[in-house]
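Engineer: Can you keep this structure in mind? I'll have questions shortly.
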Amino acid sequence: MATTPDPLLEPAPGTLPDEDDDDALRRSAEAGESSRASRHWWDRNADEYQDEHGEFLGDDRFTWCPEGLDEGEARLLGDPASWKGADILEIGAGAAQCSRWLAARGARPVALDISYRQLQHSRRIDLGRGGPVVPVVQADAAVLPFADGSFDLACSAYGAVPFSADTEGLMREVHRVLRPGGRWVFSVTHPIRWAFPDEPGVEGLTATASYFDRTPYVEQDEQGRATYVEHHRTLGDRVRELTGAGFRLLDLVEPEWPEGHEQEWGGWSPLRGRLFPGTAIFVSQRD
């Protein structure tokens, strides 16, 4: 899927220059620094990401994870019959592939992402298809620009949650904008993966760090500015964040690596996937 050159994809405002020599380390990173780093990183790397993963993601596919678990099969958002006319918020939507899939089934999705460039790819896909345009909003998921009780469902497939320093606040915000009974379903890297090197081969099979070390993973430039930040929480941390925000945990899904799936995605591979989980999907409900 070619993404450049394209007159629809003008440079995102405020994008920092690409840094090939960033240092990777574990250090603290507060909310503002994490948010700025995520916005700039995804603006810089959206084209490459869509080029590399666009075929797997499709233009209108709802897949939860590199293991390839699709919502059409999993039904983690509940009864598909209830989606018709439902207001659904996709958080960390990227190019809004999941939202487009939901819209085709009668839902009324809104796709939110911190990256201007990622949302430009959503516009490119919609205009290229000539169909309905998915509404998009650029915002930080920890400060949602919506009124209380605006949505029936909220979902996120590897978006926003791992990159936010204040996920307790993020969960409270999602709870605020959901209507009573609304589901909040999100997938993240399985927390156990933080104990292992992020490598698809045999080097990624030996634990080298403590699972309980919550120090963020940071890439920073020569001036010490964070250019990429990812935050670790244990399974217990995530459950406490959800229940503390007022959600009830309905299920915790750990997709198994499917037979015949040989595609690698970063640290996800058939070798590792058949030995320990790579994804955790939290299915919760606002009472």
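Engineer: In the stretch 154-183, how many residues are within 19 Å of ARG240 (Cβ to Cβ) and either part of a helix (DSSP H, G or I) or β-branched (Val, Ile, Thr) (or both)?
Structural biologist: Selection size over the stretch 154-183: 12.
Engineer: Going by the structure shown, is LEU76 modelled with pLDDT of 95 or more, part of a strand (DSSP E or B) and either loosely packed, with under 13 Cβ neighbours inside 10 Å or of a type outside the set (S, T, N, Q) (or both)?
Structural biologist: On the way: modelled with pLDDT of 95 or more: yes; part of a strand (DSSP E or B): no; either loosely packed, with under 13 Cβ neighbours inside 10 Å or of a type outside the set (S, T, N, Q) (or both): yes.
Taking the combined requirement at face value, the residue does not satisfy it.
Engineer: Okay, next question. From THR189, THR206, THR215, THR227, which residue is of a type in the set (Ser, Thr, Tyr) and either modelled with pLDDT under 95 or closer than 28 Å to ASP70 by Cβ (or both)? Full working, then the answer.
Structural biologist: Values: THR206 fails: either modelled with pLDDT under 95 or closer than 28 Å to ASP70 by Cβ (or both); THR215 fails: either modelled with pLDDT under 95 or closer than 28 Å to ASP70 by Cβ (or both); THR227 fails: either modelled with pLDDT under 95 or closer than 28 Å to ASP70 by Cβ (or both).
Testing whether each residue is of a type in the set (Ser, Thr, Tyr) and either modelled with pLDDT under 95 or closer than 28 Å to ASP70 by Cβ (or both) leaves just THR189.
Engineer: Has the stretch 187-202 got at least one residue that is among the small types (Gly, Ala, Ser) and more than 27 Å from ALA96 (Cβ to Cβ)? Full working, then the answer.
Structural biologist: As a first pass, look at the stretch 187-202 and keep what is among the small types (Gly, Ala, Ser): 187, 195, 201.
Adding the requirement that they be more than 27 Å from ALA96 (Cβ to Cβ) leaves 195, 201.
Scanning the stretch 187-202, I find at least one residue that is among the small types (Gly, Ala, Ser) and more than 27 Å from ALA96 (Cβ to Cβ), so the answer is yes.
Engineer: Can you go through VAL110, VAL136 and tell me which one is buried (at least 18 other Cβ atoms within 10 Å of the Cβ), touching a Lys or Arg at 6+ places or on another chain (Cβ under 8 Å) and of a type in the set (Val, Ile, Thr)?
Structural biologist: Values: VAL110 fails: touching a Lys or Arg at 6+ places or on another chain (Cβ under 8 Å).
Criteria check complete, one pass: VAL136.
Engineer: Separate question: Here are some residues: GLU67, GLU52. Which one is without any contact (Cβ under 8 Å) to a residue 60 or more places away in the chain, among the acidic types (Asp, Glu) and closer than 28 Å to TRP257 by Cβ?
Structural biologist: Only one candidate qualifies: GLU52.
Engineer: Looking at the stretch 157-183 only, could you name the residues that are closer than 30 Å to LEU275 by Cβ and touching a Ser or Thr at 6+ places or on another chain (Cβ under 7 Å)? First the steps, then the outcome.
Structural biologist: Step one: of the stretch 157-183, the residues closer than 30 Å to LEU275 by Cβ are 157-164, 167.
Matches in the stretch 157-183: ALA157, TYR158, VAL161, PRO162, PHE163, SER164.
Engineer: Closer than 28 Å to ARG39 by Cα, out of contact with any helix residue (DSSP H, G or I) (no Cβ under 7 Å at 6 or more places or on another chain), in contact (Cβ under 8 Å) with a residue 60 or more places away in the chain and surrounded by 19 or more Cβ atoms within 10 Å (Cβ to Cβ): is that true of ILE281 in this structure?
Structural biologist: Values: closer than 28 Å to ARG39 by Cα: yes; out of contact with any helix residue (DSSP H, G or I) (no Cβ under 7 Å at 6 or more places or on another chain): yes; in contact (Cβ under 8 Å) with a residue 60 or more places away in the chain: yes; surrounded by 19 or more Cβ atoms within 10 Å (Cβ to Cβ): yes.
So ILE281 passes the test.
Residue by residue, here is whether (1) in a helix (DSSP H, G or I); (2) at pLDDT 95 or above holds:
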{"residue": "GLU33", "(1), (2)": "yes, yes"}
{"residue": "ALA37", "(1), (2)": "yes, yes"}
{"residue": "HIS40", "(1), (2)": "yes, yes"}
{"residue": "ASP43", "(1), (2)": "yes, yes"}
{"residue": "GLY54", "(1), (2)": "yes, no"}
{"residue": "ASP59", "(1), (2)": "no, no"}
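Engineer: With the structure loaded, tell me whether GLY149 is surrounded by fewer than 16 Cβ atoms within 10 Å (Cβ to Cβ), in contact with a strand residue (DSSP E or B) (Cβ under 6 Å, 6 or more places away or on another chain) and within 21 Å of ARG179 (Cβ to Cβ) or whether it fails that test. Working first, answer last.
Structural biologist: Working: surrounded by fewer than 16 Cβ atoms within 10 Å (Cβ to Cβ): yes; in contact with a strand residue (DSSP E or B) (Cβ under 6 Å, 6 or more places away or on another chain): yes; within 21 Å of ARG179 (Cβ to Cβ): yes.
Yes.
Engineer: Of these, LEU249, LEU275, LEU271, which one is in a loop (DSSP other than H, G, I, E, B) and either in contact (Cβ under 8 Å) with a residue 24 or more places away in the chain or buried (at least 18 other Cβ atoms within 10 Å of the Cβ) (or both)?
Structural biologist: LEU275
The values are calculated or read from the model by the stated rules, or taken from the named source; none is laboratory data. These figures come from a predicted structure and were not determined experimentally. Virtual Cβ from ideal backbone geometry, glycine too; neighbours counted across all protein chains shown.
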